[in-house]
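What follows is a single structure, written as structure tokens, with notes after it.
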Amino acid sequence: MEQLPFAFDNSYARLPPHFFQRVDPTPVAEPRLIEVNRALAEELGIDADRLTAAMLGGNEVPFGAEPLAMAYAGHQFGYFVPQLGDGRAILLGEVIDRNGLRRDIQLKGSGLTAFSRRGDGRAALGPVLREYLVGEAMAAFGIPTTRALAAVTTGQPVLREMPLPGAVLTRVASSHLRVGSFQFFAAREDKEGLKALADYAIARHYPEAAQADKPYRAFLQMVVERQAALIAQWQRVGFIHGVMNTDNCSIAGETIDFGPCAFMDGFDPNKVFSSIDEGGRYAYNNQPRMAQWNLFRLAECLLPLLADTEEDSVAEAELALERYKTAFEEAYLAALRGKLGLLTAQPDDMELAQDFLKLMATEQADFTITFRRLGDETLRHLFADKAVIDDWLTRWSLRLAQEPDRDEERRAVMRRANPAVIPRNHRIEAVIRAAVDNEDFAPFREMLAALKDPSDDHPEFALYQQPPRSEELVLRTFCGT
Ligand code: AMP
Ligand code: MG
């Protein structure tokens, strides 16, 4: 009898057959546990002790799973690909978590599917560790994100530029519905499929939309608002996703598909890490605009559902899309106020924050450390030009003088808004080096521990707070596919 760690309750598998391919994971040579995320398992109502390497490596299909690869399309760097799909990921099924929320359990790196195209269906250990660390960090920052339930090594090499150890990540998401999922049906002019998908997304993520006057417009507007809020949070922590293609844009508004993503060290608004992003399409400062671009693509897909005539549909879409700008600006300003410790709103707050960012950009000041030191005497040391920083600090203290006398609360807000620890790229690289070169996962576990509670200073994890020395700087990140 199969063990039963998951109480699966699958809904996506009930959708029409052309929404996915039923396919089992391909067994691997020697699955071995790297890590099981016990806290997340607990939240999901999963008995972590019953999770085996065989299950998490895809060698055994757990009871109740209905493995499938989802169909989707997507714009990649602006170019439309009518069929992408899960080429190396397999949805095992869904569970209802302790808060009553439906969550997907997916294996990533689990073998070939009908959507693998020229890929091998596998994942290398490095990118699996990066996705694990960055996803858990995002969660610790309070930013909507997919999570990592477990990671295993496969005992099988994957061939990239060189042979690398293979791994499988068990990913947890509110769902894996993407803008690209809608594009798949829209590109095929499959209105029935499109409607079934929209109704599914509404029931699963935006049930309030079903009650609205115009449910599909309400749905679009809610996705718009969720994405706007998400990108504002990315900007808050200096996160650069790197591949904001429409297939990596979640309908649930979670950060998803961590490829060549990275957090900025020195602040540069035009920062790009990804080796494949030559034009800087997904540079830090472009992220808000690119998310909006993706939402326009979603709106185009939904046109047939929005109204009876094209003209009316376009008008409905525009109404929903209009929300993006204000929703983003509100969320971004709120995030910046938090970073500056402002509990109330004043009309010049955005200017005050932007001027600080400009100073940081001029000196390429470390994004994380600089914000963290606000209110600390040592902040001045980070700037070569003392006159300009002093001038700004005077403006900031004048602004603080208008604030209510709630310093305790202010400090707590600032600690949360300005994490002390981020998953710095050079540290991730060191973790990956140790794992790949020496099968040493101690640095990985230590970094996970350092990221658990990023709002507080932990002297024992000081290493993780330090910016890279020049020889440690990571200039480029690779997709790792
Ligand atoms: P990503 O860049 O990870 O968002 O992936 C884009 C598309 O390429 C998705 O359809 C993936 O499933 C597919 N893909 C990426 N890597 C592989 C791989 N190693 N084998 C098969 N398909 C892949
Ligand atoms: Mg993707």
Practice problem: Anything over 30 Å Cα to Cα? Flag those among Lys191/Lys271; Lys271/Lys386; Lys108/Lys452, in the order listed. | Solution: Lys191/Lys271
Quiz item: Using the Cα atoms as the points, what is the convex hull volume per residue of the chain in Å³?
Solution: 154 Å³
Quiz item: Which trypsin sites (Lys or Arg not before Pro) does the range 117-174 hold that lie in a coil by DSSP with at most 15 other beta carbons within 10 Å?
Solution: Arg117, Arg118
Quiz prompt | Beta bridge orientation in the chain: antiparallel %, DSSP, nearest 5 | solution = 95 percent
Quiz item: Can you work out ³J(HN,Hα) from phi for every residue in the range 18-31, in order, using Karplus 6.51 cos²θ - 1.76 cosθ + 1.60 and θ = phi - 60°, giving whole Hz and x for Gly and Pro?
Solution: 7, 7, 6, 10, 6, 7, 7, x, 8, x, 10, 4, 8, x
Practice problem: Rounding to the nearest 20 debye, state how big the charge dipole of the chain is about its Cα centre with +1 on each Lys and Arg Cβ and -1 on each Asp and Glu Cβ. | Solution: 500 debye
Quiz prompt | Within the range 150-198, GluC sites (Glu not before Pro) in DSSP loop having at most 15 other beta-carbon neighbours inside 10 Å | solution = Glu161, Glu189
Quiz item: How long is the range 333-417 along each principal axis, judged by its Cα atoms, biggest number first, in Å?
Solution: 32, 23, 20
Quiz item: Could you work out the helix-only [θ] at 222 nm for the chain, with each DSSP H run of four or more residues adding -39,500 (n - 2.57) and the total divided by the number of residues, to the nearest 500 deg cm²/dmol?
Solution: -13500 deg cm²/dmol
Quiz prompt | Measure of compaction for the range 12-176 (Cα Rg per 2.2 N^0.38 Å) | solution = 1.00
Quiz prompt | Coil-residue chymotrypsin sites (Phe, Trp or Tyr not before Pro) of the range 1-31, DSSP, other Cβ within 10 Å capped at 12 | solution = none
Practice problem: Step through the residues of the range 342-354 one at a time and calculate ³J(HN,Hα) from phi using the Karplus curve (6.51 cos²θ - 1.76 cosθ + 1.60, θ = phi - 60°), rounding each to whole Hz and writing x for Gly and Pro. | Solution: 9, 8, 10, 10, 10, x, 8, 4, 4, 4, 4, 5, 5
Practice problem: Note the direction-averaged projected area, equal to a quarter of the hull surface, for the Cα convex hull of the range 312-470, in nm². | Solution: 13.8 nm²
Quiz item: How big, in percent, is the set of alpha carbon pairs in the range 35-107 lying more than 19 Å apart?
Solution: 46 percent
Quiz item: With a sphere of radius 14 Å drawn around the Cβ of Leu33, what net charge do the other residues whose Cβ falls strictly inside it have (Lys, Arg +1; Asp, Glu -1)?
Solution: -1
Quiz item: Under the Karplus relation 6.51 cos²θ - 1.76 cosθ + 1.60, θ = phi - 60°, what is the ordered set of whole-Hz ³J(HN,Hα) values for the range 117-131, x standing for Gly and Pro?
Solution: 6, 8, x, 9, x, 10, 10, 8, 4, x, x, 5, 5, 4, 4
Quiz prompt | Built amide H within the under 5 Å cut-off of Gly266, gap 5+ | solution = Phe367
Practice problem: Distance between Cα centroids, the range 265-308 to the range 423-481: provide it in whole Å. | Solution: 27 Å
Quiz item: Between the range 350-411 and the range 45-103, how many Å separate their Cα centres?
Solution: 44 Å
Quiz item: Relative to the compact globular guide of 2.2 N^0.38 Å, what is the alpha carbon radius of gyration of the range 260-335, as a ratio?
Solution: 1.41
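Every number here is computed from the coordinates shown, using simple stated rules; none is lab data. All values reported here derive from a predicted model rather than from experimental measurement. For neighbour counting, all protein chains shown are included, and Cβ atoms are generated from backbone atoms with ideal geometry for every residue, glycine included.
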